[in-house]
1. Taking ASN27, is it more than 25 Å from VAL267 (Cβ to Cβ), surrounded by fewer than 16 Cβ atoms within 10 Å (Cβ to Cβ) and over 21 Å from the mean Cα position of the chain (by Cα)?
2. So, THR101, is that one crowded, with 21+ Cβ neighbours inside 10 Å, in contact (Cβ under 8 Å) with a residue 12 or more places away in the chain and assigned by TED's automatic domain parsing to the domain that holds ALA197 or not?
3. Tally the residues that are at pLDDT below 95 and touching a strand residue (DSSP E or B) at 6+ places or on another chain (Cβ under 9 Å), restricting the search to the range 140-169.
4. Does the range 326-360 hold any residues that are within 23 Å of GLY129 (Cα to Cα) and either assigned to a strand (DSSP E or B) or within 16 Å of the ligand (Cβ to nearest atom) (or both), and which are they?
5. Go through the range 283-332 and give me each residue that's of a type in the set (Asp, Glu) and closer than 19 Å to LEU34 by Cα.
6. Kindly establish whether HIS93 is more than 16 Å from the ligand (Cβ to nearest atom) and at pLDDT below 95.
7. Here are some conditions: (1) away from the ligand (no atom under 14 Å from the Cβ); (2) farther than 26 Å from ILE47 by Cβ; (3) crowded, with 24+ Cβ neighbours inside 10 Å; (4) not hydroxyl-bearing (Ser, Thr, Tyr). ALA276 meets all but one. Which one does it not meet?
8. Name the single residue that is nearest to ALA276 (Cα to Cα) among those in the range 223-261 being away from the ligand (no atom under 15 Å from the Cβ) and small (Gly, Ala, Ser).
Amino acid sequence: MPPTPSLSTRVTLFSESVIREMTRHANRHSAINLAQGMPDFDPPPEIIAAAQRALRDGYNQYAITWGAPALRTEIARKATSFNHIPHLDPDKHITVTCGSTEAMMAALLATLNPGDEVIVFQPWYENYGPDTKLAQAVPVYVNLSPPDWSFSESKLRAAFTPRTRAIIINTPHNPTGKVFSPAELQLIADLCIQHNALAITDEIYEHILYDGRKHLSIASLPGMAERTITISGLSKTFSVTGWRLGYAIAPEHITTGIRRVHDFLTVGAPHPLQMAAVAAMQLPDAYYSDLVTKYAARRQLLCAHLASAGFEFAEVQGAYYVMTDCAPFGWDDDNAFVKELLIPLIGVAAVPASSFYAPDPETGINPGRGKVRFMFAKKTETLESAGHRLAKLRRM
Ligand code: PLP
């Protein structure tokens with residue numbers, strides 16, 4: 001047999017997403033999918049109508065590469081009034097991308113050189129691992145420790161070195177539901193300024209915070225707008241994960257680099273959906289308070305079912321995930337436990353937390369072993385049936 005062409009080294013450094021893999025397992029086993037972060041309910045009807053109008057009104061060709069002007073104007077308005085990011089110009093600071101996923105990848109490719117160090121809190125949102133590897137950067141991990149998912153100030157200080165180029169922040173946080181406090185964000189900001197590092201912040205859950213908490217964007221802190229890339233998108237706020245619309249807000253020279261990468265990766269995000277996104281972003285304030293009320297009820301429902309099934313977990317402060325411990329069930333292998341949950345007897349898909357951590361360099365043990373993540377962006381009836389299924393665990 002003649003030899004066949006091989007893969008690049010860079011794609012051999014990571015494997016497929018465990019979260020997305022769990023969705024395929026859930027479909028195969030007809031399990032309730034509490035794994036991948038996507039709603040099973042519809043987006044607001046006004047924005048579906050706006051998408052239909054945009055398709056009829058001729059928005060079917062490429063938009064301007066870095067985003068339809070009307071959408072960039074809306075993003076600048078919202079980022080000024082809600083995120084308090086100063087001095088925004090939609091023509092200089094905003095790039096619309098195919099989801100915040102592309103915004104993160106484009107941000108890393110635009111700002112990192114091979115060998116640059118990037119500080120990443122772990123557990124992390126699964127994409128950041130492959131993203132840093134594709135950018136040929138070196139991730140430096142700082143642990144968020146249960147039960148309250150706080151981090152050690154001295155360990156964060158020690159993680160900054162002369163090679164540190166950036167730190168990735170995600171607040172509200174997937175997978176823990178942590179909301180970074182103003183003091184934590186101020187400490188990160190001070191360290192970024194001291195070490196001339198970039199803050200790359202994923203704020204996709206910025207509108208889903210509980211118990212009166214307020215979202216704080218690190219770019220709004222003094223001296224940070226000029227060293228922050230703020231990433232967000234429409235997926236979670238408007239329940240349109242399939243629309244693939246996100247954006248990056250950054251200083252002008254960094255935006256130039258992000259736009260360059262974006263141009264050659266995707267040319268642009270879907271034009272008709274960008275026009276519908278303008279309508280989405282013009283929804284009244286009542287939309288956002290209703291969003292929080294509904295998510296708080298879903299949180300309450302799933303957490304009550306998880307607690308009565310015997311799971312242990314910390315308070316969820318934001319986003320729509322619960323990180324639980326499976327040790328109370330006598331399991332220390334999260335992968336095996338997730339398989340047990342998937343089988344027809346239980347029929348619920350969750351994510352094994354070892355996919356959110358790197359193994360400890362000294363012991364080789366993955367700190368996520370023994371933890372499992374559930375998500376609750378689901379209809380009441382879906383969460384009720386998942387709860388009834390999980391209740392079977394008590395009797396096993
Ligand atoms: N960032 C975080 C923290 C997420 O949890 C997710 C999806 O679950 C994404 C980004 C992906 O967002 P998008 O659909 O905008 O690509």
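1. Details: more than 25 Å from VAL267 (Cβ to Cβ): yes; surrounded by fewer than 16 Cβ atoms within 10 Å (Cβ to Cβ): yes; over 21 Å from the mean Cα position of the chain (by Cα): yes.
Yes, satisfied.
2. On the way: crowded, with 21+ Cβ neighbours inside 10 Å: no; in contact (Cβ under 8 Å) with a residue 12 or more places away in the chain: yes; assigned by TED's automatic domain parsing to the domain that holds ALA197: yes.
For THR101, the condition - crowded, with 21+ Cβ neighbours inside 10 Å, in contact (Cβ under 8 Å) with a residue 12 or more places away in the chain and assigned by TED's automatic domain parsing to the domain that holds ALA197 - is not met.
3. Going through the range 140-169 one residue at a time, the tally reaches 2.
4. Narrowing the range 326-360 to residues within 23 Å of GLY129 (Cα to Cα): 333-336, 338, 349-360.
ALA349, ALA350, VAL351, PRO352, ALA353, SER355, PHE356, TYR357 - these are the residues of the range 326-360 that are within 23 Å of GLY129 (Cα to Cα) and either assigned to a strand (DSSP E or B) or within 16 Å of the ligand (Cβ to nearest atom) (or both).
5. If we filter the range 283-332 for residues that are of a type in the set (Asp, Glu), which is where we start, we get 285, 290, 312, 315, 325, 332.
Residues satisfying the conditions are GLU312, GLU315, ASP325.
6. Judged against the criteria, HIS93 is not a match.
7. It fails just one condition, (2).
8. The selected residue is ALA250.
The values are calculated or read from the model by the stated rules, or taken from the named source; none is laboratory data. Because the structure is a prediction, the values reported are computed rather than measured. Cβ atoms come from the backbone with ideal geometry, glycine included; neighbour counts cover every protein chain shown.
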